[in-house]
Amino acid sequence: MITSSWLILQALYSPHDERVERCEDKKITYSIIIAVKDEDPEVIGSLVENLKGLEYPEFEVIIVSDDSPERFREIEKLEVPKNFRIVRREAPTGRKAGALNYGVSLAKGEVLVFLDSEARVERDFLKILSRTPWEDAVALRLKVRESKGRLQRLYSQMTDYSMEHLFLGRAVRGFPIFPNGSAFAIRREVLASLGGWNEGKVAEDLDMGIRLFLHGYQVRYIHDIVVETLAPFTWRDLFQQIRRWAYGSGELLGSSLKMLTKGGRGLEGFVYANQWGIYPLFLLTALVVGALDIWFRPSLLAVATSFGIYAISALIFSLSSRTVESDLRLPVMILAASLIGYLSGLLRINFKWSVTPKRPKGNEETPLILKVISWTYYIIGIFSIRDDVIMGLVLVVVSLLMLSIP
């Protein structure tokens, strides 16, 4: 019921057109801060070229590198305007949040804008942002560019759905908005009041959203200011990315529980913050029940009813997404990555961060942990199928879909 409720709830967050009123340009000064590590110098060079074209009088760009001295020397060779700075941290502590805090310490702008290295914006990006009224912080729309392969198109559809339902749909209903660190702006004094980014957290942006909500700050979502991003090129890269998001969610369970003290909006915010633990909850329960089938054998009616409710909610969720292209391996892979990541975050298992490649690479092997969980589902499904046909078949089908992920 928990998993099904969240799937149906997302479908009910149908997007609405948001009429954004513009005001006169307030002549705000901006500092754009980007943290980079292990990025190709060409990617950073393309970012610099994009931001050089911004049509706005008062802004600066600060690129903070946590790279080795050798790689940083390659980045330093880039020609940048006077209002651009490329700096390296000698002691890269605190993960990405530490780099962002270092950039903030160098920044002079009234408003701090945080982007990723693959972000690309229109020339009037800052001009429109300065003419849009907002109070404390603002989350901006992400849109995937260069969706050439099938996986990129699937990821693009997933991103569009998230922006329309989980951001725009929730925003117009007054639910708390949690910023995406790839497209986020905040007033300097607001960030300072929170003590900056929480260093060491894997999902520093989700942590920021939780703290903003708990302290009573408003995060506005603006759907018509677009920040273009890239999709992962391989299934392995997408698996690792979702696993990272889920890990960050599980790691922040204690913080997100505090939102339950804020009434209905806090409850909804808690559910949103823990969605990566909710998605795989039903299939995890099915796996546990299947493994305990010898001692605990639920009735056929209970099993059929449970899977029926889940199937209906999944169908409603799927229809609400209005996808043009589909692949059953994608939701199964998301479930597996979410399960592994969220549990790892809860248990605080050591997490090794790696950058998502910004260009195609050679074929890579499926992560070992995904193979392990795939065969676990398969073995338990085979053992369960004799006494519980529905349970066993579902587990086997799920395992075969996982094993088919390239």
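The values are calculated or read from the model by the stated rules, or taken from the named source; none is laboratory data. As the structure is a computational prediction, the values presented were derived from the model and not from experiment. Because the Cβ atoms are built from the backbone with ideal geometry, glycine has one as well, and the counts that use them run over all protein chains shown. Just the protein is used for accessible areas: all its heavy atoms, side chains included, with ligands, DNA and RNA removed. Shrake-Rupley method; radii C 1.70, N 1.55, O 1.52, S 1.80 Å.
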Number of the exception - Lys108 against (1) in contact with a strand residue (DSSP E or B) (Cβ under 9 Å, 6 or more places away or on another chain); (2) surrounded by 15 or more Cβ atoms within 10 Å (Cβ to Cβ): (2)
I'd like the full set of residues that are closer than 22 Å to Ile382 by Cβ and outside any helix (DSSP H, G or I), limited to the stretch 283-340. Leu292, Asp293, Ile294, Trp295, Phe296, Arg297, Pro298, Ser299, Leu328
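Within the stretch 231-240, can one find any residue that is of a type in the set (Phe, Trp, Tyr) and assigned to a helix (DSSP H, G or I)? Steps first, please.
So the first thing to find is which residues in the stretch 231-240 are of a type in the set (Phe, Trp, Tyr), and the list is 233, 235, 239.
Filter again for assigned to a helix (DSSP H, G or I), leaving 235, 239.
Within the stretch 231-240 (the criterion being of a type in the set (Phe, Trp, Tyr) and assigned to a helix (DSSP H, G or I)), the answer is yes, since at least one residue qualifies.
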Candidate set: the stretch 226-254, residues that are at pLDDT 95 or above and of a type in the set (Asp, Glu); chosen: the one least open to solvent (accessible area, probe 1.4 Å): Glu251
On the basis of being closer than 30 Å to Ser46 by Cβ, open to solvent by less than 70 Å² (accessible area, probe 1.4 Å) and touching a residue at least 60 places away in the same chain (Cβ under 8 Å), does Thr376 make the cut? no
List every residue pair whose Cβ atoms lie under 7 Å apart, where the two residues are 6 or more positions apart in sequence or sit on different chains, the first residue falls within the stretch 90-112 and is closer than 10 Å to Ile62 by Cα, and the second residue, located anywhere, is open to solvent by less than 10 Å² (accessible area, probe 1.4 Å) and part of a helix (DSSP H, G or I). Val104/Leu191
Mind listing whichever residues of the stretch 201-220 are over 17 Å from the mean Cα position of the chain (by Cα) and in a loop (DSSP other than H, G, I, E, B)? His215, Gly216, Tyr217, Gln218
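Among the aromatic types (Phe, Trp, Tyr), in contact (Cβ under 8 Å) with a residue 60 or more places away in the chain and either assigned to a loop (DSSP other than H, G, I, E, B) or open to solvent by 10 Å² or more (accessible area, probe 1.4 Å) (or both), is that true of Phe175? Even if it seems obvious, please write down each step before you answer.
Working: among the aromatic types (Phe, Trp, Tyr): yes; in contact (Cβ under 8 Å) with a residue 60 or more places away in the chain: yes; either assigned to a loop (DSSP other than H, G, I, E, B) or open to solvent by 10 Å² or more (accessible area, probe 1.4 Å) (or both): yes.
Taking the combined requirement at face value, the residue satisfies it.
Look at Val172 and say whether it is of a type in the set (Val, Ile, Thr) and under 28 Å from Gly98 (Cβ atoms). Let's see the steps before the verdict.
On the way: of a type in the set (Val, Ile, Thr): yes; under 28 Å from Gly98 (Cβ atoms): no.
In short, no.
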The condition from (1) open to solvent by 10 Å² or more (accessible area, probe 1.4 Å); (2) assigned to a helix (DSSP H, G or I) that His223 misses is numbered (2)
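Of the residues that sit in the stretch 185-216 and are open to solvent by 60 Å² or more (accessible area, probe 1.4 Å) and out of contact with any helix residue (DSSP H, G or I) (no Cβ under 6 Å at 6 or more places or on another chain), which one is nearest to Ser162 (Cα to Cα)?
Initially, the stretch 185-216 is screened for residues open to solvent by 60 Å² or more (accessible area, probe 1.4 Å), giving 188-189, 192-193, 195, 199, 215.
Pick out the ones that are also out of contact with any helix residue (DSSP H, G or I) (no Cβ under 6 Å at 6 or more places or on another chain) and you get 188-189, 192-193, 195, 215.
On the way: Arg188: 27, Glu189: 29, Ala192: 29, Ser193: 29, Gly195: 29, His215: 25 Å.
The selected residue is His215.
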In the stretch 118-154, what count of residues is obtained for those that are under 19 Å from Gly45 (Cα atoms) and either in a loop (DSSP other than H, G, I, E, B) or in contact with a Pro (Cβ under 8 Å, 6 or more places away or on another chain) (or both)? 7
When the residues of the stretch 318-338 are narrowed to those that are hydrophobic (A, V, I, L, M, F, W, C) and more than 19 Å from the chain's Cα centre (by Cα), which ends up farthest from Leu284 (Cα to Cα)? Val324
What number goes with the only condition from (1) closer than 24 Å to Leu47 by Cβ; (2) in contact (Cβ under 8 Å) with a residue 60 or more places away in the chain; (3) touching a Pro at 6+ places or on another chain (Cβ under 8 Å) that Arg236 does not pass? (1)
What is the number of the single condition among (1) at pLDDT 95 or above; (2) within 16 Å of Arg141 (Cα to Cα) that Trp197 does not meet? (2)
Right, Arg131: in contact with a Cys (Cβ under 9 Å, 6 or more places away or on another chain) and either open to solvent by less than 20 Å² (accessible area, probe 1.4 Å) or on the phi < 0 side of the Ramachandran plot (or both) or not? yes
Tally of residues being under 23 Å from Ser5 (Cα atoms) and touching a residue at least 40 places away in the same chain (Cβ under 8 Å) across the stretch 291-317: 12
